[in-house]
Amino acid sequence: MANSEQTEKSFRWFFLVTAIFVTTLVVSNIIAVKLIQLGPLTLPAGVLVFPITYIFGDILTEVYGYARARRVIWTGFFCNLLAVGAIWLAIQLPGAPFWNLKDFADPVAAQKAFAAVLGFAPRLLAASFVAYLVGEFLNSYVLAKMKIRTGGRFLWMRTIGSTIVGEGADSFLFIFLAFGGVFPLAVLWETFLWQWVFKTSYEALVTPVTYAVVRFLKKSEGVDVFDYSTRFNPLKF
């Protein structure tokens with residue numbers, strides 16, 4: 001058992017967990033432009049990957065504590081911002097006259113296809129960033145507080161409970177900030193609820209995997225942080 005304000009030490013697996021968290025975040029935003037059909041549900045393709053960020057967010061907070069999870073959340077934010085900036089710059093720069101894509105032999109058509117797939121609408125981008133920060137910090141905060149209240153027991157309750165709060169805030173903010181005034185209110189509520197249920201169910205289904213990873217990391221790293229005296233200000237770097 002340790003406190004998150006303990007002296008920094010080198011952790012063997014911390015950077016791998018961070019890398020997976022950041023990668024899934026960036027990838028989910030890139031593929032979110034495609035809508036997929038899963039039975040009766042129409043969802044952005046990003047939901048296949050994005051819930052993994054919450055799973056690893058839970059793992060980070062549970063094993064390494066809120067303070068380290070906070071740094072990873074901000075790292076993910078700035079890496080995502082970098083990816084968005086690089087994609088935007090690539091879209092703005094003119095394509096070479098001989099450049100083409102499969103099925104788009106004309107460079108102009110190839111440029112339009114490239115921009116259509118990888119481009120980001122400013123409103124959707126802003127909604128995504130706000131939803132990500134609020135949702136991830138709520139998820140981490142709730143899990144850390146529940147860990148103290150439960151004395152480290154009932155991990156399943158903490159991971160699912162924190163996800164209900166975090167994913168709920170994330171889905172609500174994104175749907176209503178991105179599409180408010182564009183679609184009818186009933187559609188917004190229905191979309192929000194389906195995404196919330198899907199993402200939370202995703203977390204619940206992989207709970208056995210979360211247990212195994214948490215158990216492995218605690219034993220391998222020799223750490224199990226309880227955030228008794230942690231300052232939960234998300235802006236404290």
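Here the dipole of region 2-226 is about 520 debye; that uses its Cα centre as origin and unit charges on the Cβ of Lys and Arg (positive) and Asp and Glu (negative).
Could you tell me the distance between the Cα centroids of region 124-159 and region 178-208, to the nearest Å? So the separation of the two Cα centres works out to 17 Å. For the chain, the longest principal axis of the Cα atoms and the long axis of helix 122-150 meet at an angle of about 10 degrees.
With a cap of 14 neighbouring Cβ atoms within 10 Å, and only residues DSSP puts in a loop, list the trypsin sites (Lys or Arg not before Pro) found in region 24-86. Here the trypsin sites (Lys or Arg not before Pro) that fit, given the DSSP loop and packing criteria, are Lys34.
The C-alpha atoms of the chain define a longest principal axis, and helix 155-179 lies at about 30 degrees to it. Once the GluC sites (Glu not before Pro) in DSSP loops with at most 16 neighbouring Cβ atoms within 10 Å are cut out of the chain, the longest remaining piece is 9-237.
Loop-resident chymotrypsin sites (Phe, Trp or Tyr not before Pro) (DSSP state other than H, G, I, E or B) in region 107-179 with no more than 14 further Cβ atoms inside 10 Å of their Cβ: Phe154. Which pairs in the list Lys199/Lys236; Lys34/Lys112; Lys145/Lys218 are over 21 Å apart, alpha-carbon to alpha-carbon? Those over the limit are Lys199/Lys236.
Per-residue ellipticity at 222 nm, computed for the chain from helices alone with -39500 (n - 2.57) per DSSP H run of at least four residues, works out to -23500 deg cm²/dmol.
By the Kirkwood approach, averaging reciprocal distances over each pair of separate Cα atoms, region 111-198 gets a hydrodynamic radius of 14.5 Å. Averaging 1/r over each pair of different alpha-carbon atoms in the chain and inverting the result gives 19.1 Å, the Kirkwood hydrodynamic radius.
In region 65-157, one over the average inverse separation of all distinct C-alpha pairs is 16.4 Å, which is the Kirkwood hydrodynamic radius.
Calculated on the alpha-carbon coordinates, the convex hull of region 144-237 measures out at 129 cubic angstrom per residue. Mean projected area of the convex hull spanned by the Cα atoms of region 190-229, taken over all viewing directions: 4.3 nm².
Does anyone have the angle between helix 185-205 and the longest principal axis of the chain? Alpha-carbon axes, 0 to 90°, nearest 10? In the chain, helix 185-205 runs at an angle near 50 degrees to the longest axis.
The trypsin sites (Lys or Arg not before Pro) of region 157-237 that DSSP puts in a loop, and whose beta carbon has at most 10 other beta carbons within 10 Å, are Lys236. Over region 47-105, the hull volume per residue, using the convex hull of the C-alpha atoms, is 111 Å³.
Laboratory data are not the source of any read-out in this text; all were calculated from the coordinates shown. What you see is a predicted model, and the numbers here were worked out from it, not measured in a lab. Every residue, glycine as well, gets a Cβ built from its backbone with ideal geometry; the counts of neighbours run over all protein chains shown.
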